[in-house]
Amino acid sequence: MLISKQPMINVLNGINTNRVPIWLMRQAGRYLEEYQQIRKNAGSFLNICYSPDLAKKVTLQPIHRFNFDAAIIFSDILVIPDALGQPVDFKPGVGPVLEPIRSVNSLAHLKLHQLKTHLAPVYEAVSSVRSELAENKSLIGFSGAPWTIATYMVEGGTSRDFTNTKLWACAAPDEFNNLIEILVSAITEHLISQIKGGADILQIFDSWAGLLSERAFERWCLAPIRKIVRGVLKEFPEIPIIIFPRLAGRRYLDVVEIEGISAVSLDHTLSLGWVHEHLQSKVIVQGNLDPIYLLAGGNAMREEVNRILDCLAPSPFIFNLGHGVLPNTPTEHVSELCDIITRFQRESS
């Protein structure tokens, strides 16, 4: 197997070079002063997502500051419903707001044919970032998974209990499946377009996978992701794909069996010993520092980081968080985290 100049690619190919790559979910965002300035002047969150120049700048900010091994394109999982014709508004203090879709008749208003045109600025940003990113840095393209995106489309935003989505999926599964199939097609197309733009790696976020019962997990999480992975790999068979089924617990065992995936991203609730015993023999793992430790810093962070490294890093491993960087995280804590990982790499080489 050829050795890549990108540490992330080597690890995802199962090559243990004693070089632990690091990147963080939500590494470009509100905790960075330079991002806050762009956000203040941009007018809205989506204005950044749909401006290739601004999206490029924000994507590269944490690379310039912390020298992470990968950049993840600055975008959002909800650009998919926005592109399909269900407008998304991000309201300060509230979060995303959408006009809810709760019947099969509403699906007729979704327009899959306009996806590429609507999201062309995202793909332009991907190309622009890849052209400026150093050759030893990876660029990650991403999307939400069908189940997670569907929850926002049906609920009209975030929810405490996701009653409307779960009820539709339970009471009229064939109707609900029409929405899932639209999303499978849209997400597959979106991910392939990011690869064409220059993405080296893909990550699929199923942030609300943990909401599902056993049978529902198979139908609404696993089966759609399998279709997406097959569709992407049919066109780009070498692209590494990471799946993040947050709060899936022991059902990570089912996720790692999805044919063609390279890695799973771990949420912070998983036992390291269980992960090492049951998952690392099957796929590469990425994770899984609780973001609260990064917020706290100090000895608490250092001890937890070293515990993760001692357990998981002897095998090919990517360091990340169990969820996204919290908005009030001090940048000096992120710098120290990167230093810890670097020291571990030197001592292990």
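The values are calculated or read from the model by the stated rules, or taken from the named source; none is laboratory data. Since the model is a prediction, treat every value here as computed from it, not as a measurement. Glycine also receives a Cβ, built like all others from the backbone with ideal geometry; neighbour counts cover every protein chain displayed. To get the accessible areas, we keep the full protein, side chains included, count just its heavy atoms, and leave off ligands, DNA and RNA. Shrake-Rupley method; radii C 1.70, N 1.55, O 1.52, S 1.80 Å.
Where does each of 120-126, 104-110 land if you order them by average Cβ count within 10 Å, highest first?
In descending order of packing, they fall as 120-126, 104-110.
Given a 1.4 Å probe and every protein chain left where it sits, what share in percent of the accessible area of the chain is carbon and sulfur?
Within the chain, the accessible surface is 49 percent carbon and sulfur.
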>> Less than 13 Å Cβ to Cβ from GLU304, Lys/Arg counted +1 and Asp/Glu -1: what total charge do the surrounding residues give?
In response: -2
> Once the other residues with Cβ under 13 Å from the Cβ of SER185 are scored (Lys, Arg +1; Asp, Glu -1), what is the net sum?
Replying inline: +2
> At each listed q (0.08, 0.09, 0.10 Å⁻¹), what is the log10 of I(q)/I(0) that the Debye formula gives for the chain modelled as equal alpha-carbon point scatterers?
Replying inline: -0.36, -0.46, -0.57
> What ³J(HN,Hα) values, in whole Hz, does the Karplus curve 6.51 cos²θ - 1.76 cosθ + 1.60 give for region 220-231 when θ = phi - 60°, with x put for Gly and Pro?
Replying inline: 9, 10, 5, 4, x, 5, 4, 4, 5, 4, 4, x
>> What are the ³J(HN,Hα) couplings of region 154-167, residue after residue, when phi is run through the Karplus curve with 6.51, -1.76, 1.60 and θ = phi - 60°? Round to Hz, x for glycine and proline.
In response: 7, 6, x, x, 6, 8, 7, 10, 6, 4, 5, 5, 5, 5
> Residues with amide H under 5 Å of PHE74's amide H, sequence separation 5 or more or different chain, H placed in the peptide plane at 1.01 Å from N; which?
Replying inline: THR59
> Tell me, what HN-Hα J-couplings in whole Hz come from the Karplus equation 6.51 cos²θ - 1.76 cosθ + 1.60 at θ = phi - 60° for each residue of region 139-147, using x for Gly and Pro?
Replying inline: 10, 9, x, 7, 7, x, 7, x, 4
> Using +1 on the beta carbon of Lys and Arg, -1 on that of Asp and Glu, and nothing else charged, what's the dipole of region 12-78 about the Cα centre, debye to 20?
Replying inline: 80 debye
> Taking the Cα centre of each part, how many Å lie between region 196-228 and region 267-344?
Replying inline: 22 Å
> Using modelled amide H (1.01 Å from N, peptide plane; none on Pro or chain starts), what sits under 5 Å from the amide H of ASP206, excluding residues fewer than 5 places away?
Replying inline: ALA145, PHE244, ARG246
>> Amide H of ASN320 versus every other amide H placed in the peptide plane: which residues, excluding those fewer than 5 positions away on the same chain, fall under 5 Å?
In response: GLY287, ASN288, LEU289
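Counting heavy atoms of the protein chains only and a 1.4 Å probe, report the per residue accessible area for the chain as a whole number of Å².
Working: 14620 Å² over 349 residues.
Result: 42 Å² per residue.
How large is the Kirkwood hydrodynamic radius of region 29-155, in angstrom, based on all distinct alpha carbon pairs?
Numbers: mean 1/r = 0.0638 Å⁻¹.
In region 29-155 this quantity evaluates to 15.7 Å.
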